[in-house]
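Structure first, commentary second.
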Amino acid sequence: MRAKIVELGSMQYHQSGYEPVTRYLAIVVALFAAVFVPLLAVLEWAGWRLGATVPLSVIAVEQSRSDRLVWLGTFKDYAPYKLERIRQIRPEVLLVGSSRCGQAREQMFRPYVAYNACLTAWPLTHVVDFIDRATTAAKPRVVIVALDYFLFGDFLAEAWRKERTMDFTQGIDSHRRKLHDVTDFVIRTGGNVDTIRSTLLTPQVEPVDNNILIGPEAIRGKFGFRKDGSVIVAPPYRSTSAETLSRGAQYVTSSFPGAPHLSEGQIREVERLSRLSRERGFSVVAIQYPLLESAAAFLDTDETYWPYSGLWRELKSPQTVERFARLGIPFFDMSRTEISQDSGNFFDPAHPSERGMLKTYLALLTRPEFSKLFPLIDRDALAADLDRRKDEQFDLYH
């Protein structure tokens, strides 16, 4: 009996010892919930208002409903967003690649339904992976790939493979990242309450066409992706374009590391693309888009850079063109043509403007191997588009 009393007393002692701790923890949890839950609710509301946490599939649908929406989120979301747009549009013509083809517009391919899925893939392994996803989501007839000399160097390919991987999972980590973007957006405003309130409550527009901006990066930078996938040239690029264009050689050498020879490992990715095109039943067209004349001339002639411009020379060689042709991939090197001689066709030495892109397609349509894929395009109508806005550097189509 005494042992039982001792046991019960011990239990009572331990219970009474834990009661203050339990009450303390309950208070802490309650206080945390009282502070954190409202903050989280406000953050989620702000994320939705900014477009940061709106599902990319919803944004894709909304852009199909309106011509006046421009989206830009964080870099990792570019490809998954464009994949959602591809599911919506189901384009007959699909453009894939880096920022070099970002200014191609759907009007340049009318009457075909076209979508610009550039700025989704840089290393060739990502290019082919994205095309694999895109041709599963839709059934394009023609895929146009931006195929540049610098893509065939292993060093740059490996760096881009690590740095520029897209977030196709869009899971809880993605949502957490987007909430962080909202917090970062608020911090970058300097905590200005009036600015934050105005941004959250009033639609924000970009200055070119007054399109409504969706996404923290779109609102902050005043640019983004139109419904056809093309990207508006950002205001800072417009204001510094003349200065940047003056640094043609310096721009390409600092932006794109060279190498003596084309990498066979990267060419295997082109072979993988060829197999995929045969399996899925689409045609592939590869284009090296124009470079500014000063940049192209440097790659052609500078003897000190000769060991690094092997990629440039070999990609353009008849042997490489023939090798791609045997894979069923016609390669059109437009890197140095008359288009390169007019700086108004670019907004920096490596990026053609809308005018430069339209001139590129007009030139390609004179080549039978290209034009046979697009028999319904009215070249005269495109030439008239160009003539109407012949002095416009950035925006031919509004």
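None of the figures in this text is laboratory data; all of them are computed from the coordinates on show. All values reported here derive from a predicted model rather than from experimental measurement. Note: ideal-geometry Cβ built from the backbone for every residue, glycine included; neighbour counts use all protein chains shown.
Using Cα-Cα distances under 8 Å and only pairs 6 or more residues apart, what relative contact order does segment 169-292 have, in percent?
Answer for segment 169-292 is 10 percent.
Which of these, Ala259, Ala52, Ala159, has the largest mean-square fluctuation under a Gaussian network model of the chain (Cα springs below 10 Å)?
Checking each option, the largest mean-square fluctuation is seen for Ala159.
Could you check the spin-label model distance between Asp378 and Ala159? Points 7 Å from the Cα along Cα→Cβ, value in nm.
4.7 nm
Quick query: amide H of Trp71 versus all other amide H atoms, modeled in the peptide plane; which residues come in under 5 Å with a sequence gap of 5 or more or a different chain?
Amide H neighbours of Trp71: Ile214, Phe225.
Just flag the GluC sites (Glu not before Pro) in segment 276-329 sitting in loop per DSSP whose Cβ has no more than 14 other Cβ atoms within 10 Å.
Glu303
What fraction of the DSSP beta bridges in the chain is antiparallel, stated in percent and rounded to the nearest 5?
Bridges in the chain are about 20 percent antiparallel.
For segment 161-169, in order, what is each residue's ³J(HN,Hα) by Karplus, 6.51 cos²θ - 1.76 cosθ + 1.60 with θ = phi - 60°, in whole Hz (x at glycine and Pro)?
Values, residue by residue: 4, 7, 7, 10, 6, 8, 9, 7, 6 Hz.
Semi-axes of the equivalent ellipsoid of segment 169-236: what are they in whole Å, largest first, if each equals the square root of 5 times a C-alpha gyration tensor eigenvalue?
Semi-axis lengths for segment 169-236 are 21, 18, 10 Å.
Report, to the nearest 10°, how far helix 78-89 tilts away from the longest principal axis of the Cα atoms in the chain, using its own Cα long axis and a range of 0 to 90°.
On a 0 to 90 degree scale, this one is about 70.
Counting only Cα, what are the radius of gyration and maximum Cα-Cα distance Dmax of segment 273-331, in Å?
14.6, 45
Between their Cα atoms, which of Lys227/Lys359; Lys82/Lys139; Lys76/Lys372 are more than 25 Å away from each other?
Where the Cα-Cα span goes over 25 Å, the pairs concerned are Lys76/Lys372.
Remind me, relative contact order of the chain in percent, using alpha carbon pairs under 8 angstrom and six or more residues apart?
19 percent
Express the Stokes-Einstein translational diffusion coefficient of segment 56-388 in µm² s⁻¹, to the nearest whole number, given a Kirkwood radius over alpha-carbon pairs, 10 °C and a viscosity of 1.306 mPa s.
Translational diffusion coefficient: 77 µm²/s.
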